[in-house]
Amino acid sequence: MDQLHTPAERQTAVEHEADSALTPALDVEGSRTGSTAAGTSDVAVRKAVKISVWPLFTDADIKTEKWHIPGKRRGKARLFEDPDNSVELLPPSLASRSVMWKRPFEFLGDETPMVVDVDEEKEHLQVDLVTHNVHLLVSELMRWIVCQVDMLWQLHNKHGFPGKVKEDWKPWDLIYPKSKSESLPVYNASGKYCVKLFWMGQWRKILIDDQMPFDGNQRMLLPVTEPHELWFPLLTKALLKVASLT
């Protein structure tokens with residue numbers, strides 16, 4: 001597929017291959033597990049969403065990525081808007097609700113948004129991925145995402161894969177931009193992020209924004225760990241983009 005040259009040819013190839021080749025790996029490099037958020041009844045009934053084929057991820061490219069949007073709008077810094085952002089990316093069981101999109105500074109108030117809470121990072125090995133997300137479990141797709149992340153976490157950080165040395169795996173390592181000092185993903189006031197996913201045999205660079213969907217009861221329609229932490233909903237937004245191609 002990577003040998004196709006025109007956008008139309010690449011998109012056609014994706015539409016034909018996606019049903020059998022949707023395998024966005026959440027694993028570390030060198031440990032391809034084929035983890036996927038697809039194969040659910042939610043996905044089967046979703047409308048087709050046109051999304052461009054994502055470029056290959058390279059360290060050189062991510063170092064030159066422009067994270068801040070130049071200029072100002074109405075006296076405020078400009079915000080990045082993902083053209084693919086749509087309620088149609090959500091599973092139908094969630095998209096049928098009254099959906100409102102909010103940025104972190106809108107739903108957190110005075111609380112400081114973080115991609116990952118540095119003070120609690122070591123405690124994340126015992127993180128609860130269910131309590132804050134019970135309202136999402138009506139969606140089979142969301143159950144798959146929560147379970148996949150939890151399973152990879154348990155296998156890497158607690159039990160280890162059979163026949164392999166146990167190694168640390170932190171899902172937020174897939175999210176950019178990162179701080180230079182601690183190599184942790186950092187909050188970007190412009191709302192632009194990149195998630196690194198393994199898809200169609202290559203690591204891909206998937207750009208997203210930080211607009212989050214909320215229902216009429218002010219509950220986020222993406223899984224979270226803590227309300228002020230963004231890594232899980234950002235990761236899920238990228239996975240939903242890939243799932244939308246099935």
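Distances between placed amide hydrogens fall under 5 Å for Trp203 paired with Phe57, all partners being 5 or more residues away or on another chain. Would you kindly state how much longer the chain becomes between Cys147 and Ala77 on full extension, computed as 0.36 nm times their sequence separation minus their alpha carbon distance, in nm to one decimal? Extra length available between Cys147 and Ala77 comes to 21.5 nm.
Length gained on full extension, Ser98 to His135: 11.9 nm, using 0.36 nm per residue less the C-alpha separation. Across region 82-90, computed HN-Hα scalar couplings (Karplus, 6.51 cos²θ - 1.76 cosθ + 1.60, θ = phi - 60°) run 6, x, 8, 5, 7, 5, 5, 6, 6 Hz from first to last residue, x flagging Gly and Pro. Taking amide H as placed 1.01 Å from N in the peptide plane, Leu221 has its amide H under 5 Å from the amide H of Phe214, Asp215, each at least 5 places away in sequence or on another chain. The mean accessible area for residues of region 191-246, using a 1.4 Å probe and ignoring ligands and nucleic acids, is 19 Å² per residue.
Karplus-based coupling profile of region 54-63, in residue order and whole Hz: 7, x, 5, 8, 9, 4, 5, 5, 5, 5, with θ = phi - 60° in 6.51 cos²θ - 1.76 cosθ + 1.60 and x standing for Gly or Pro. Computed with every protein chain present, the accessible area of Met100 is close to 70 Å² [probe 1.4 Å].
The values are calculated or read from the model by the stated rules, or taken from the named source; none is laboratory data. Just so you know, these numbers come straight off a predicted model, no measurement behind them. Note: areas computed on protein heavy atoms with side chains; ligands, DNA, RNA excluded. Shrake-Rupley method; radii C 1.70, N 1.55, O 1.52, S 1.80 Å.
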